[in-house]
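Notes follow once the structure below has been shown.
The values are calculated or read from the model by the stated rules, or taken from the named source; none is laboratory data. Not measured: the values here are computed from a predicted model. Cβ placement follows ideal geometry from the backbone for every residue including glycine, while neighbour counts extend to all protein chains displayed. These area figures cover heavy atoms from the full protein model, side chains too; ligands, DNA and RNA do not enter into them. Shrake-Rupley method; radii C 1.70, N 1.55, O 1.52, S 1.80 Å.
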Amino acid sequence: MRFYTKQHRYYCGIDLHARRMYICILDADGQIRVHRNGPATPEHLLATIAPYREDLAVAVECIFTWYWVADLCAREGLAFVLGHALYMKAIHGGKAKNDKIDAHKIAVLLRGGMLPVAYVYPRAMRATRDLLRRRCHFMRKRAELLTHIQNTATQYLLPPFGKKIAHKSNRTDVAEQFTAPEVRKSIETNVALLDHYDRLLTDLELYLARTAKVHDVHTFARLRSVPGIGQILALVLLYEIHDIRRFPSVQDFVSYCRLVKCGKESDGKHYGYSGAKIGNAHLKWAFSEAAVLCLRQNPPAQRFVAHLTQQHGKAKALTIFAHKLARAVYYMRRREQVFDATRFFAGTAATPDPPGRATLTPGAPRGQATTTTGAPRGSRIPRSTRRRHCPGVVPMTTTAE
């Protein structure tokens with residue numbers, strides 16, 4: 001977790017709501033200069049901070065109303081800090097809680113260098129990212145309608161439809177299979193909504209595809225080179241990640257994607273896991289979908305996941321595969337390279353072991369291993385046969401149209 005540690009002359013903490021906001025301004029000594037409630041408008045904010053604008057930092061908790069404050073500070077040349085809501089335990093864990101107390105705590109955390117920082121997404125791409133998230137919401141609603149039709153058919157002991165009703169051409173006579181008029185009317189309503197969602201999503205996806213190429217066509221093309229990542233998933237990854245350099249390491253990136261478990265330990269004792277909801281849910285969904293789609297007509301990926309399934313089970317195997325894809329995407333973005341399946345599956349169960357790789361010898365005592373060349377484990381392997389840990393990426397040699 002990163003904290004804002006820069007020093008300023010004044011620190012402004014705002015407890016922001018849709019129509020009201022409480023403003024607290026502290027000086028460098030921690031003395032309260034302003035503690036005032038007022039309307040959530042740019043005019044009121046600028047008038048309140050006017051005497052203290054020289055070397056002022058403004059902090060707001062990361063809720064749905066922070067957009068206009070960030071844009072206002074950028075336009076006025078003020079330092080803006082977005083606080084990570086889930087990490088601000090000083091606010092949520094207090095004995096008493098109200099807008100006045102919350103604004104003061106935000107200002108105190110900002111002054112003390114203990115305000116956890118969230119990423120301020122740039123204004124130019126923010127609207128497209130939100131539109132992609134809205135598209136995902138519509139897809140979930142569409143899936144709920146399909147599930148309701150299937151569950152209703154099971155409830156009334158109807159035979160399987162035989163065709164995938166996700167396709168419009170296979171839904172023409174679905175409602176007629178229900179005998180009860182009330183149930184038939186419910187299914188007809190679902191089918192009508194499905195037809196509407198299909199038209200809406202088709203138009204929305206076409207608009208998103210045209211907009212994405214305006215922002216970063218080369219990154220979009222590189223993401224499309226990964227098996228399982230199509231047009232929509234590439235758009236989601238492009239806009240949810242934005243600047244890959246904001247992640248110092250690949251571990252930070254996969255943690256942000258919710259693809260790792262964060263253990264709780266103290267004094268050598270393990271107390272389980274936590275932080276499952278901290279991170280980007282949209283990236284978690286995107287890489288999980290990519291892992292499933294990558295298995296289609298991809299024998300190396302199928303062999304790799306089958307090997308993982310024998311060890312960990314199907315659900316965990318897919319999560320491990322999604323984690324591997326996320327690491328590959330991270331290095332692709334950092335190095336501006338395209339996907340290479342040969343390097344991606346090198347050293348896994350999908351490909352034969354290279355010379356010099358340590359493997360267990362059948363019938364050997366447990367704890368002893370030999371290499372494929374017969375040398376005992378721990379013996380020196382020539383540098384030419386060593387392989388650094390690196391996902392499947394190769395230099396970009398083609399230019400996207």
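Within region 115-172, work out how many residues are open to solvent by less than 60 Å² (accessible area, probe 1.4 Å), within 33 Å of the chain's Cα centre (by Cα) and small (Gly, Ala, Ser).
3
Quick check, is Glu182 assigned to a helix (DSSP H, G or I) and touching a helix residue (DSSP H, G or I) at 6+ places or on another chain (Cβ under 7 Å)?
No; evaluated as a whole, the condition is false for this residue.
Search region 269-297 for residues being free of Cβ contacts under 8 Å to residues at least 24 places away in the same chain and under 13 Å from the mean Cα position of the chain (by Cα), and hand back the single one that is most open to solvent (accessible area, probe 1.4 Å).
Among them, the one singled out is Ala276.
Would you mind telling me which numbered condition in (1) modelled with pLDDT under 95; (2) touching a Ser or Thr at 6+ places or on another chain (Cβ under 9 Å) Ala322 fails?
(1)
I need the full set of residues from region 253-270 which are assigned to a loop (DSSP other than H, G, I, E, B) and closer than 15 Å to Met1 by Cα, in order please.
Residues satisfying the conditions are Cys257, Arg258.
Could you list, in sequence order, the residues of region 58-99 that are loosely packed, with under 13 Cβ neighbours inside 10 Å, under 19 Å from Arg129 (Cβ atoms) and modelled with pLDDT of 90 or more?
Residues satisfying the conditions do not exist here.
Take the residues in region 201-220 that are free of Cβ contacts under 8 Å to residues at least 40 places away in the same chain and within 27 Å of Tyr331 (Cβ to Cβ); name whichever of them is surrounded by the fewest Cβ atoms within 10 Å (Cβ to Cβ).
Filtering region 201-220 for residues that are free of Cβ contacts under 8 Å to residues at least 40 places away in the same chain and within 27 Å of Tyr331 (Cβ to Cβ), the one surrounded by the fewest Cβ atoms within 10 Å (Cβ to Cβ) comes out as Val214.
Here is a list of conditions, (1) under 30 Å from Leu132 (Cα atoms); (2) more than 30 Å from the chain's Cα centre (by Cα); (3) of a type outside the set (Val, Ile, Thr); (4) in a helix (DSSP H, G or I), and Asp198 meets all of them except one; can you say which number that is?
(2)
Look through region 1-22, keep the residues that are part of a strand (DSSP E or B) and touching a Leu at 6+ places or on another chain (Cβ under 7 Å), and return whichever of them is most open to solvent (accessible area, probe 1.4 Å).
Among those residues, the one meeting the criterion is Phe3.
For region 117-140, what are the residues that are touching a His at 6+ places or on another chain (Cβ under 8 Å), closer than 20 Å to Lys213 by Cβ and of a type in the set (Gly, Ala, Ser)?
Ala124
Does region 298-328 hold any residues that are loosely packed, with under 13 Cβ neighbours inside 10 Å and within 15 Å of Phe345 (Cβ to Cβ), and which are they?
Answer for region 298-328, where residues must be loosely packed, with under 13 Cβ neighbours inside 10 Å and within 15 Å of Phe345 (Cβ to Cβ): just Pro299.
From the set of residues in region 150-179 that are charged (D, E, K, R) and in a helix (DSSP H, G or I), which is farthest from Cys136 (Cα to Cα)?
My answer is Glu176.
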